[in-house]
Amino acid sequence: MKVVSTDKAPAAIGPYSQAIIFNDILFTSGQIPINPDTGSVDAEGIEAQAEQVMKNLGAVLEAAGSGFEKAIKTTCFLADMGDFAAFNEVYGKYFVNKPARSCVAVKTLPKNVLCEVEVIAAL
């Protein structure tokens, strides 16, 4: 296994890695809309937070030698399923290959953000 780390995405805030490569498959940890430059959640609203999540995922995917087009499966967590349509608008701009996906509403996300996304991707 190989640990993936980049300063272009938020550092792990617990005992985990940004991502792991195993047998040419990348498994990312969930990314939330933390701005890696400030270390805080600067984006407000689901669209802005989803854009920051995608920027963070893009940085991790790039650091691993992968990309959005190589996504196999995503898991999306929303604080409010009422944000589903707006979240999908942003998500669809990045995951144009339409990977398999699960999307669930959760009671609370870290730092009370509105969304979190994790990806399994090919290298």
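Brief remarks on what is shown
- Taking the DSSP beta bridges with both ends in the chain, the antiparallel portion is around 75 percent.
- Phe84 contributes an accessible area of around 80 Å² to the protein surface, as traced by a 1.4 Å probe with all chains present.
- At full extension, Met81 and Ile25 could sit 17.2 nm farther apart than now, given 0.36 nm per residue minus the alpha carbon distance.
- Rolling a 1.4 Å probe over the protein heavy atoms leaves Ser5 with an accessible area of roughly 90 Å².
- GNM remark for the chain: springs join alpha carbons under 10 Å apart, and the peak mean-square fluctuation among Thr108, Thr38, Thr74 falls on Thr38.
- Global form of the chain, assessed from the alpha-carbon gyration tensor, a/c cut-off 1.5: oblate
- Once you reduce the range 61-81 and the range 85-123 to the center of their Cα atoms, the two points are 7 Å from each other.
- A Förster distance of 22 Å, applied to the separation of the beta-carbon atoms of Lys2 and Lys98, puts the FRET efficiency at 0.20.
- Candidates Val104, Val113, Val90, ranked by Gaussian network fluctuation over the chain, Cα under 10 Å, top entry: Val104
- Largest GNM mean-square fluctuation among Leu109, Leu26, Leu57, using the chain with Cα springs under 10 Å: Leu109.
- Which of Asp83, Asp7, Asp42, Asp24 is most accessible, then next, and so on - probe 1.4 Å: Asp7, Asp24, Asp42, Asp83
- Stretchable slack from Asp37 to Lys111, in nm (0.36 nm times residue separation minus alpha-carbon distance): 25.0 nm
- The chain - accessible surface per residue (Å², probe 1.4 Å): 52 Å²
The values are calculated or read from the model by the stated rules, or taken from the named source; none is laboratory data. All of these numbers come straight from a predicted model, not from anything done at the bench. Neighbour counts run over all protein chains shown; Cβ positions are idealised from the backbone, glycine included. SASA here: full protein model, heavy atoms, side chains in, ligands and nucleic acids out. Shrake-Rupley method; radii C 1.70, N 1.55, O 1.52, S 1.80 Å.
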